[in-house]
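Here is the structure we will look at, set down as structure tokens.
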Amino acid sequence: MHNSESAKMINVQSSIIRLDGVHSMGVIGDPGCEGLGTYNMKVYAGALEESCKDDITLIVGDLVPAGTKHYYRLIREMTETLAGNDVYSLRGNHDTGDYTEYFGQRNYALLAENFTVIVLDNATRSFEEEGLALLSEVLAMDEVQQVIIAFHIPVPNRFILNCVSEEEFARLRKAYSPWKNKVKYLLCGHVHSRFEDIVDGIPLICTGGGGAMIEDVSKEIRACDVEHHMIHFYEKDGILNYRIANLSESCYGREREDAVLGQKLLEAVQGELMAHFKYLMFAERAKRRGFHKIASLFRALAASEYYHARNFYAILEAPAPFLESVEDYVPGEEFEYKHLYKMLTSYAREHQHPLSAQAYAGAAMAEKEHAELLKQASEVESFAQNTIYVCPICGHVMTEESVLERCPVCGGPQKQYEVFEEEHSLEV
């Protein structure tokens, strides 16, 4: 294992590289194709920390959203700051433009002590002749016995259609066929999920969970069934094995452990959320007065401030696993309506502050509904509420079964309710 102070993102200059003392490899898929914002990069940071357990790391494509110098500099700087070992990469379909300037050759082989990784570029959905020739050359070497063939876009398989053509796979197959017994794994990314298959008698591992948001990719592979993750390849008794390491939503915690930075991040969250709220309020005022362009501007500014707050909070957040998370919010809602808002309502009334009393009492009624809905939602798969209504006057929440012509708290008319309905993902 390398020391993080000397770890670097390798600019590959040789087509065949011998790596002494390397017995394991971490693999990260698709960290940056959806953007290099803090919210997504937290997962990548966690994947790099997990990959520190291995001797080297390989990123199987889509380091960046677009292949410009700006994005390549960003991903390289972040990687070299966080990585605990040397990081190699292969080109994904988003890694265009200046890729070779920053990361070097697109087709190359890593010869470790007891296994070999052959990296092939198929970012344009075709394998390069140079790469296929290299594949045959390396497989023919007597010292090469256990091989991982790595590329970005999957070969045809039984799960997804987002893959290279059968003709392209035939070209790859022709190149490795004389030494097929040496090929232990086919490895790819591109799909923002994870699946395993057997293709041409060889295990295919598709891993795209190193930063991009996990997606529904087929009826068999749903986003709710796959976690962000990376892959460890390692030797055991001379045999090349692998294991999948899921990344928790609190996978990266280095920066929240800094007490000073943690306090400043929290202050930034509070400041951005206050700005978000103020801009939304002003947008409402502008809309009522007929200044719709100004209202749109302030709604856009409010959204921007929310995303800033989300980025800061993502660094601080250490949530439970998703399926266990919903019920964690129930105690806070119950405390507010059973104790906090009840106490503050009484205080406001005693001191002749009717607006505050009204606000606290109305919020308490809404928080009670929140708690009941969250209890239902804690059984995520069976939650059956398709439509939720929110009164924009006071914030009261209603379901299809409880919705009324007028809000039971403030009397606001139904025609003004905000409606929140189930969003259906597209069929793949």
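Here is a list: Glu372, Glu367, Glu381, Glu327. Which entry is open to solvent by less than 40 Å² (accessible area, probe 1.4 Å) and part of a helix (DSSP H, G or I)? Step through it out loud before you land on a result.
Details: Glu372 fails: open to solvent by less than 40 Å² (accessible area, probe 1.4 Å); Glu381 fails: open to solvent by less than 40 Å² (accessible area, probe 1.4 Å); Glu327 fails: open to solvent by less than 40 Å² (accessible area, probe 1.4 Å).
Being open to solvent by less than 40 Å² (accessible area, probe 1.4 Å) and part of a helix (DSSP H, G or I) holds for just one of Glu372, Glu367, Glu381, Glu327, which is Glu367.
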The range 166-215: number of residues that are of a type outside the set (Gly, Ala, Ser) and within 17 Å of Val119 (Cα to Cα): 23
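Yes/no per residue for (1) free of Cβ contacts under 8 Å to residues at least 12 places away in the same chain; (2) closer than 29 Å to Ser51 by Cα; (3) among the hydroxyl-bearing types (Ser, Thr, Tyr); (4) in a helix (DSSP H, G or I):
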residue	(1), (2), (3), (4)
Glu249	no, yes, no, no
Tyr252	no, yes, yes, no
Leu265	no, yes, no, yes
Glu272	no, no, no, yes
Met281	yes, no, no, yes
Arg285	yes, no, no, yes
Ala295	no, no, no, yes
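Given the condition without any contact (Cβ under 8 Å) to a residue 40 or more places away in the chain and touching a Cys at 6+ places or on another chain (Cβ under 9 Å), answer yes or no: does some residue in the range 346-355 qualify? Can you show your working first?
So in the range 346-355, the residues without any contact (Cβ under 8 Å) to a residue 40 or more places away in the chain come out as 346-355.
Imposing the further condition that a residue be touching a Cys at 6+ places or on another chain (Cβ under 9 Å) reduces the set to none.
No, there is no match, as no residue in the range 346-355 is without any contact (Cβ under 8 Å) to a residue 40 or more places away in the chain and touching a Cys at 6+ places or on another chain (Cβ under 9 Å).
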Odd one out for Asp237 among (1) open to solvent by 50 Å² or more (accessible area, probe 1.4 Å); (2) at negative phi: (2)
Number of the exception - Val390 against (1) open to solvent by 50 Å² or more (accessible area, probe 1.4 Å); (2) in contact with a His (Cβ under 8 Å, 6 or more places away or on another chain): (1)
Failed condition for Arg256, given (1) open to solvent by 10 Å² or more (accessible area, probe 1.4 Å); (2) in contact with a Cys (Cβ under 7 Å, 6 or more places away or on another chain): (2)
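Looking at the range 22-72, which of the residues that are touching a Pro at 6+ places or on another chain (Cβ under 8 Å) and either of a type in the set (D, E, K, R) or free of Cβ contacts under 8 Å to residues at least 12 places away in the same chain (or both) is farthest from Ala112 (Cα to Cα)? So that I can check it myself, show each step before the final result.
Start the filter on the range 22-72 by keeping residues that are touching a Pro at 6+ places or on another chain (Cβ under 8 Å), which leaves 32-36, 40-41, 43-44, 47, 59, 62-63, 71.
Filter once more, keeping what is either of a type in the set (D, E, K, R) or free of Cβ contacts under 8 Å to residues at least 12 places away in the same chain (or both): 34, 62.
Numbers: Glu34: 32, Asp62: 24 Å.
It comes out as Glu34.
Would you say Glu196 is open to solvent by 20 Å² or more (accessible area, probe 1.4 Å), among the charged types (D, E, K, R) and either touching a residue at least 12 places away in the same chain (Cβ under 8 Å) or closer than 30 Å to Leu316 by Cα (or both)? Before you say what the answer is, go through the steps one by one.
Values: open to solvent by 20 Å² or more (accessible area, probe 1.4 Å): yes; among the charged types (D, E, K, R): yes; either touching a residue at least 12 places away in the same chain (Cβ under 8 Å) or closer than 30 Å to Leu316 by Cα (or both): no.
Judged against the criteria, Glu196 is not a match.
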Where His70 falls short, out of the listed (1) open to solvent by 60 Å² or more (accessible area, probe 1.4 Å); (2) in contact with a strand residue (DSSP E or B) (Cβ under 8 Å, 6 or more places away or on another chain): (2)
Hey, Ser126 modelled with pLDDT of 95 or more, open to solvent by less than 30 Å² (accessible area, probe 1.4 Å) and hydroxyl-bearing (Ser, Thr, Tyr) or not: no
Cβ-Cβ under 7 Å pairs, at least 6 apart or on other chains, the range 200-223 side over 19 Å from Tyr242 (Cβ atoms), far side acidic (Asp, Glu): Gly211/Asp30; Ala212/Asp30; Ala212/Glu34; Met213/Glu34; Arg222/Asp216; Ala223/Glu215; Ala223/Asp216
Flag for Ala7 being touching a helix residue (DSSP H, G or I) at 6+ places or on another chain (Cβ under 8 Å) and over 28 Å from Thr124 (Cα atoms): yes
Some residue of the range 166-187 being touching a residue at least 60 places away in the same chain (Cβ under 8 Å), in contact with a Gly (Cβ under 9 Å, 6 or more places away or on another chain) and of a type outside the set (A, V, I, L, M): no
Close pairs from the range 359-381: first of a type in the set (S, T, N, Q), partner modelled with pLDDT under 85 and open to solvent by less than 60 Å² (accessible area, probe 1.4 Å), Cβ under 7 Å, at least 6 apart: Ser378/Val326
First in the range 8-21 and within 13 Å of Arg106 (Cα to Cα), second anywhere and surrounded by fewer than 17 Cβ atoms within 10 Å (Cβ to Cβ), Cβ under 6 Å, 6 or more apart: Asn11/Gly104; Val12/Gly104; Gln13/Gly104
Members of the range 129-139 found to be of a type outside the set (Ser, Thr, Tyr) and open to solvent by less than 50 Å² (accessible area, probe 1.4 Å), listed by number: Gly131, Leu132, Leu134, Leu135, Val138, Leu139
Filtered residues of the range 51-67 (kept if under 19 Å from the mean Cα position of the chain (by Cα) and buried (at least 22 other Cβ atoms within 10 Å of the Cβ)): Ser51, Thr57, Leu58, Ile59, Val60, Gly61, Asp62, Leu63, Val64
Filter result (open to solvent by less than 60 Å² (accessible area, probe 1.4 Å), touching an Asp or Glu at 6+ places or on another chain (Cβ under 9 Å), under 29 Å from Glu255 (Cβ atoms) and of a type in the set (A, V, I, L, M, F, W, C)) within the range 269-315: Ala275, Ala309, Ile315
Hits in the range 163-191 (condition: surrounded by fewer than 16 Cβ atoms within 10 Å (Cβ to Cβ) and assigned to a loop (DSSP other than H, G, I, E, B)): Ser165
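The values are calculated or read from the model by the stated rules, or taken from the named source; none is laboratory data. What you are looking at is a predicted structure, and each value in this text was computed from that prediction instead of being measured. With ideal geometry, Cβ positions are generated from the backbone for all residues, glycine too; neighbour counts draw on all protein chains shown. Keep in mind that these areas ignore ligands, DNA and RNA; they rest on the heavy atoms of the full protein, side chains included. Shrake-Rupley method; radii C 1.70, N 1.55, O 1.52, S 1.80 Å.
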